[in-house]
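The values are calculated or read from the model by the stated rules, or taken from the named source; none is laboratory data. These numbers were taken from a predicted model, which means no experiment stands behind them. Note that each Cβ is placed from the backbone with ideal geometry, even for glycine, and that neighbours are counted across all protein chains shown.
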There are 4 protein chains.
Amino acid sequence: MRIGLLTGGGDCPGLNAVIRAVVRRAEMEHGDTIVGFRDGWKGMAEGDIVDLSVDSTRGLVTRGGTVLGTARYHPDEHSDATAMVFESFKRNRLDAVICVGGDGTLAAAGKLSDVGLPMIGVPKTIDNDVFGTDVSVGFDTAVAIAADALDRVQTTGESHNRIMVVEVMGRHNGWIALSAGIAAGAEAILIPEVPFDVDELAKQLVHRHRRARSSVVVVAEGASPVAGSLAWSPPRGKFGSIVAGAVGELVRAELEQRTGFDARLTVLGHVQRGGTPTPTDRILGSRFGVAAVDAVRDGEAGVMVALQSEQVVRVPIAEISGRRKQVPPDLVDVARSLTV
Amino acid sequence: MRIGLLTGGGDCPGLNAVIRAVVRRAEMEHGDTIVGFRDGWKGMAEGDIVDLSVDSTRGLVTRGGTVLGTARYHPDEHSDATAMVFESFKRNRLDAVICVGGDGTLAAAGKLSDVGLPMIGVPKTIDNDVFGTDVSVGFDTAVAIAADALDRVQTTGESHNRIMVVEVMGRHNGWIALSAGIAAGAEAILIPEVPFDVDELAKQLVHRHRRARSSVVVVAEGASPVAGSLAWSPPRGKFGSIVAGAVGELVRAELEQRTGFDARLTVLGHVQRGGTPTPTDRILGSRFGVAAVDAVRDGEAGVMVALQSEQVVRVPIAEISGRRKQVPPDLVDVARSLTV
Amino acid sequence: MRIGLLTGGGDCPGLNAVIRAVVRRAEMEHGDTIVGFRDGWKGMAEGDIVDLSVDSTRGLVTRGGTVLGTARYHPDEHSDATAMVFESFKRNRLDAVICVGGDGTLAAAGKLSDVGLPMIGVPKTIDNDVFGTDVSVGFDTAVAIAADALDRVQTTGESHNRIMVVEVMGRHNGWIALSAGIAAGAEAILIPEVPFDVDELAKQLVHRHRRARSSVVVVAEGASPVAGSLAWSPPRGKFGSIVAGAVGELVRAELEQRTGFDARLTVLGHVQRGGTPTPTDRILGSRFGVAAVDAVRDGEAGVMVALQSEQVVRVPIAEISGRRKQVPPDLVDVARSLTV
Amino acid sequence: MRIGLLTGGGDCPGLNAVIRAVVRRAEMEHGDTIVGFRDGWKGMAEGDIVDLSVDSTRGLVTRGGTVLGTARYHPDEHSDATAMVFESFKRNRLDAVICVGGDGTLAAAGKLSDVGLPMIGVPKTIDNDVFGTDVSVGFDTAVAIAADALDRVQTTGESHNRIMVVEVMGRHNGWIALSAGIAAGAEAILIPEVPFDVDELAKQLVHRHRRARSSVVVVAEGASPVAGSLAWSPPRGKFGSIVAGAVGELVRAELEQRTGFDARLTVLGHVQRGGTPTPTDRILGSRFGVAAVDAVRDGEAGVMVALQSEQVVRVPIAEISGRRKQVPPDLVDVARSLTV
């Protein structure tokens, strides 16, 4: 068989583990050939091919990012792109394509499967919001990096009597903020799912600082104040999304003013999606890579491999498309209970 | 309410996160008092109490081990111990006891619940074999430590043209060996579930070393050769279990002899259960601690909190006692596919 | 003897190792008493005392920050502060004070020694610019954190075909930028000592990107363009120093415009001075703490303990005050040779 | 120019950083060619050449081990080897050879220089005993790994009321043991330089355990008991050196018997020399690599590059050959002061 492989959307740790597992499973187990496309759909559309073999993917399991490259490019946003993807599929005599991506990439894969191109999805996103799987590739590492940064600012806050505000990724949900905040024992965690009341938070921090010297406040990029409480019109970037650092700075400034404590902001940014993946992400990526090849061999199409209760299963993309995995209510409750 | 708390069995990273979460949930949410017992059942039997409060447990989430101490002590192995535990329960006017432990501790908790002492279990074990939960506290960190060690010996093997044999924990199962081995891209993984054929392995390594300079072979403590293939009578310690390092040395010596390559052994030992827990274990411990208090408040007894598909649930201890969670077949298959 | 102890200036990893070593050496070796002052000179002036003993400092060696607290406060910037420090010295019946700090704190200690208060200095600063010592407490950890962040953004740059600009600390020198940049194999390192030519850099990156997919550009906070090359008036904060992130954003925007590549900025900020110190910083802090007590016992005053060729020595503060340790020319040359 | 390059002796982290820096400096700065020999002197004698170029050494700075391979092989231990090295030098039309190694490799380089083959040495050894340099490549990482392991066993000791004995490398000196032990706050550090008195140590630990629950005892491989105190004849391996783990087990058993506490042994072994180097080792390796090429270009021969007070200098190999750098007395004193 000839199987295409691409990684789409934002990069994250663990993608190379998927790539290596796909190649080894296909080549060594079945004698199949993997055709890698550079930079996601773009490379498939344009016929930009990366040579992949057991030899060329050796040692990749511990390496961050994706040797295939990736791009935020969706076939249906480019006229002719779908036709070009079809054409590429035929020209490369493919039997199926394995697409590693977040909801955007997976949705595109689902549509292409519907019109006759067999696609198998592998969920990856540091935001952890792909529906139908307990966890996606990249999330565990992102949480580990964010928690490590929180551990670091904690000691500097304590030395200087400060409120340390740290903005982490999460435009639409609080998965990273909640997880890293709980892991680091943060004093407050502000997430998109629960609008924050800065007056109330300031009061709690003032109360806390009677006996403690510092507080760590984790803010997801998409957190927002309780309606009407603050006159805030967040600055937005070219794609309409809130500018990184904006909500962090809002929280910092408002807390500093209300509490009278020195408050400092750190915006974690790109470090959250880079570097050596945690063993957990390497294992997950390896299992998903093997399972994706098996799904192709079984003649599946339009399904995503997923982890459910530590078992790797297959889920129809149609069932998960357009849905986002919510943070479990118990996690929000745990965060509330373990913060100020 | 007055709630007892103890940690039993071998220590592991994440126990302190459980302790801190139990105390904060109980004290801050409900005004309950937590009575800590030192060194597991032993301390409960003997009335050895550790003061626990929100203040005394501050900062514990990132700290390895257990401030309560722990011991391998089972009430039913000591005459009068059960009576003493009963007596202790009454004397301390407890409403319930939260027991954090592996299968031994949980089984004891189940029996005590059956005879009228309300017990809530929290699963922890680096071996990951507690039934009924996707994962137990401590496992993620143990895998991370083992994978890190494998990464390290890999570069030294490559520099010196060697086979690096690393023995990791796992007397009864291959959870750590499989996980760490896959994460580190090891060349062979020997686990108790699949007897190893040292002749076959030696052949594969000889074949591999025609183009590579080194191999990493992960061996679980409880791995054993195919019946009849090697005249091996493993040395056993005072509790009848195989002496640490024994099977690792067997594999090392047999491979060295058969392949002619220099083969070196590293026995990871105690480092696998110590030190700062991974964020994943800190989060799991925190969720379980909160959930255990909630179970007490709901009047539950004889149940264990568990993670199933990223949800925290309650499982009757009676259902999981005496059963061991097996490694999923796909993981064994993935390991096979990604090794030589 | 009764010996005062304070930590001044910005916090950094390794201060607690100094504190622990001072206390143990004084108390266990000589039966001396250590009187800790909170938040540097401020606490000494105001008589804000922290209890320090072998017991209260147990376990501190691995902990970041300073349990004494610290503040950017200099006696000669506050009327009466010097008198209050004198008064505090007498009131606490001190024989000497050990001051852990950067050039500001050490200069103040020198002046006080000149007027009769015996002071012993211990050099600490993540900027590594204290003269007279090979290295100061905190620098090794800051470099390790910055290098780790560079490693992380490198993989994300490679996945996305980007220039990753990372701003690290260093208002007056390039110690952190050079060290972390060399350690991570960065493609360009911009430091205050060498004005950068953005046109030239853009050309080099365009050349590089013909065969590579990404570049990491490290920028020290105090780097500035070649005079006249860019109309740039850096935004300044309340103390007159350049606002964090300003030069990083300048470099990012100018490179993006000139190269046509996507360029992204990460500002490391506070994470660089927090968290668990590297073993190297823990050892250095321990040696300095012991040596400082020995200097007091030997009747020294107005000296700083220092590391010179792996030996701990004493250097008169008068000799180092007002001087800044420059980056060695070979390091600048090495950086040039190993970048684009 | 054509310059040979080899790495000899045991591998360690940072060798690849040296290799990359040598290649870049030579090729990009001077247009020189680097001829790499595989497995140290052996490869040079046998003409086993590894292709080295800026492209083939890309990304090496963060990778442990040596892509050249290394072996414990000395020309003067093999008849004809010196003649073969000469022949290889001529056949490859070399102007000089850069030899990265410990005292053995450096001594051989010195002898060859004496007889007319220009050799430049680069000091590397995790044992840190090369004379004439403040520090050698690999030592900082080895200490970091050992300290991390000590941190880990510390929490498990505390949870279980145990003495944790950890054997680290150091057959001839206590550099690693002292450094890692101080960094981790160990309770006792046994080194070859100071024979240990197990009766005295047992007494101190018994005293300590009245208020503490555990102790960490670091033992260098070459530590030995006070003469006459223990009837101990250490088991020796094929090269006459003490078998790894032997002294650790002696200390463990004797302490367990004398104190009555549970005592456990961990032998760190090979993990100490593998894996990603610390930033400090990557910087040192990079500086040494650049400096070695510069020394060749300057027509030097028979010198070693070295670090002295943060400056890279050149030292005649004749001056350092046969001498071993001792641990500084203050370090032994600091260790004594910070342990039980």
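Within the stretch A:307-340, track down each residue that is small (Gly, Ala, Ser), away from every other protein chain (no Cβ under 11 Å) and either in contact with a Pro (Cβ under 9 Å, 6 or more places away or on another chain) or surrounded by fewer than 16 Cβ atoms within 10 Å (Cβ to Cβ) (or both). Can you show your working first?
Taking the stretch A:307-340 as the starting set, the residues that turn out to be small (Gly, Ala, Ser) are A:309, A:318, A:321-322, A:335, A:337.
Add one more test, that the residue is away from every other protein chain (no Cβ under 11 Å), and what stays is A:318, A:321-322.
A:ALA318, A:GLY322, listed by residue number.
Going through the stretch D:28-70 one residue at a time, which ones are crowded, with 21+ Cβ neighbours inside 10 Å, closer than 20 Å to D:PRO13 by Cα and among the small types (Gly, Ala, Ser)?
D:GLY36, D:GLY40, D:GLY64, D:GLY65, D:GLY69
Which pairs do you get when a residue that is crowded, with 22+ Cβ neighbours inside 10 Å, found in the stretch D:242-261, comes within reach of a residue that is part of a helix (DSSP H, G or I), reach meaning Cβ atoms under 8 angstrom, with the pair 6+ apart or on two chains?
Note: pairs meeting the criteria are D:VAL251/D:VAL198; D:LEU255/D:VAL198; D:LEU255/D:LEU201; D:LEU255/D:ALA202; D:LEU255/D:LEU205.
If you check B:ALA263, B:ALA301, which single one turns out to be under 25 Å from B:LEU6 (Cβ atoms) and small (Gly, Ala, Ser)?
B:ALA301
Conditions: (1) assigned to a helix (DSSP H, G or I); (2) more than 21 Å from B:ALA188 (Cβ to Cβ). B:ASP151 meets all but one. Number of the miss?
(2)
Checking the structure you have, find out if any residue of the stretch D:114-122 is part of a helix (DSSP H, G or I) and surrounded by fewer than 24 Cβ atoms within 10 Å (Cβ to Cβ).
Within the stretch D:114-122, the first condition is being part of a helix (DSSP H, G or I), and the residues that meet it are D:114.
Pick out the ones that are also surrounded by fewer than 24 Cβ atoms within 10 Å (Cβ to Cβ) and you get D:114.
Checked against the condition, which is being part of a helix (DSSP H, G or I) and surrounded by fewer than 24 Cβ atoms within 10 Å (Cβ to Cβ), the stretch D:114-122 yields at least one hit.
Kindly evaluate B:ILE120 against the criterion of being modelled with pLDDT of 95 or more and outside the structural domain of B:HIS270 (by TED's automatic domain parsing).
For B:ILE120, the condition - modelled with pLDDT of 95 or more and outside the structural domain of B:HIS270 (by TED's automatic domain parsing) - is met.
Taking only the stretch C:36-94 into account, find how many residues are farther than 29 Å from B:GLY64 by Cα, touching a helix residue (DSSP H, G or I) at 6+ places or on another chain (Cβ under 7 Å) and hydroxyl-bearing (Ser, Thr, Tyr).
Number of matching residues: 3.
Within the group A:THR155, A:THR133, which residue is β-branched (Val, Ile, Thr) and not assigned by TED's automatic domain parsing to the domain that holds A:GLY245?
Within the list A:THR155, A:THR133, the selection yields A:THR133.
Test of understanding: among A:VAL97, A:VAL153, A:VAL130, which residue is crowded, with 24+ Cβ neighbours inside 10 Å and more than 14 Å from every other protein chain (Cβ to nearest Cβ)?
A:VAL97
Checking the conditions here, which among D:ALA220, D:ALA244 is under 17 Å from the mean Cα position of the chain (by Cα) and modelled with pLDDT under 95?
None of the others qualify; the one that does is D:ALA244.
What residue, among those in the stretch B:164-179 that are more than 14 Å from B:VAL267 (Cα to Cα) and not aromatic (Phe, Trp, Tyr), is nearest to the other protein chains (Cβ to nearest Cβ)?
First, pick out the residues of the stretch B:164-179 that are more than 14 Å from B:VAL267 (Cα to Cα): B:172-175, B:178-179.
Filter again for not aromatic (Phe, Trp, Tyr), leaving B:172-174, B:178-179.
Working: B:HIS172: 18, B:ASN173: 14, B:GLY174: 13, B:LEU178: 9, B:SER179: 6 Å.
Taking the candidates together, the pick is B:SER179.
Quickly run through the stretch B:40-58 and pick out the residues that are away from chain A (no Cβ under 13 Å) and basic (Lys, Arg).
Listed by number, the list holds a single entry, B:LYS42.
Taking the condition of being more than 10 Å from chain C (Cβ to nearest Cβ) and touching a residue at least 60 places away in the same chain (Cβ under 8 Å), how many residues in the stretch D:285-298 meet it?
The number of residues fulfilling the criteria is 4.
Conditions first: (1) out of contact with any Gly (no Cβ under 9 Å at 6 or more places or on another chain); (2) over 21 Å from A:ARG162 (Cβ atoms). C:ARG58 passes all but one, so which condition is the exception?
Status for C:ARG58: all satisfied but (1).
Quick test of your reading of the structure: A:VAL166 fulfils all but one of (1) within 28 Å of C:THR155 (Cα to Cα); (2) assigned to a helix (DSSP H, G or I). Name the failing condition by number.
So A:VAL166 meets the others, but not (2).
Give me the residue from the stretch D:216-228 that is touching a residue at least 12 places away in the same chain (Cβ under 8 Å) and farther than 17 Å from D:GLU249 by Cβ and, out of that set, surrounded by the most Cβ atoms within 10 Å (Cβ to Cβ).
Result: D:VAL226.
Any idea which of (1) among the aromatic types (Phe, Trp, Tyr); (2) surrounded by 16 or more Cβ atoms within 10 Å (Cβ to Cβ); (3) farther than 27 Å from B:ASP55 by Cβ is the one A:TRP232 doesn't satisfy?
Tallying (1) among the aromatic types (Phe, Trp, Tyr); (2) surrounded by 16 or more Cβ atoms within 10 Å (Cβ to Cβ); (3) farther than 27 Å from B:ASP55 by Cβ, A:TRP232 fails exactly one: (2).
Answer yes or no as to whether A:ARG210 is surrounded by fewer than 24 Cβ atoms within 10 Å (Cβ to Cβ) and closer than 30 Å to C:VAL100 by Cα. Let's see the steps before the verdict.
Working: surrounded by fewer than 24 Cβ atoms within 10 Å (Cβ to Cβ): yes; closer than 30 Å to C:VAL100 by Cα: yes.
It is true that A:ARG210 is surrounded by fewer than 24 Cβ atoms within 10 Å (Cβ to Cβ) and closer than 30 Å to C:VAL100 by Cα.
What number of residues within the stretch A:21-39 are more than 14 Å from chain B (Cβ to nearest Cβ), of a type outside the set (A, V, I, L, M, F, W, C) and out of contact with any His (no Cβ under 9 Å at 6 or more places or on another chain)?
The number of residues fulfilling the criteria is 3.
Please state which of the following conditions C:PRO234 fails to meet, knowing it meets all the rest: (1) without any contact (Cβ under 8 Å) to a residue 40 or more places away in the chain; (2) part of a loop (DSSP other than H, G, I, E, B); (3) within 18 Å of the chain's Cα centre (by Cα).
(3)
For the stretch B:253-284, enumerate the residues that are in contact with a Gly (Cβ under 7 Å, 6 or more places away or on another chain) and within 14 Å of chain D (Cβ to nearest Cβ).
B:LEU265, B:THR266, B:VAL267, B:ARG273, B:GLY274, B:GLY275, B:THR276, B:PRO277, B:ASP281, B:ARG282
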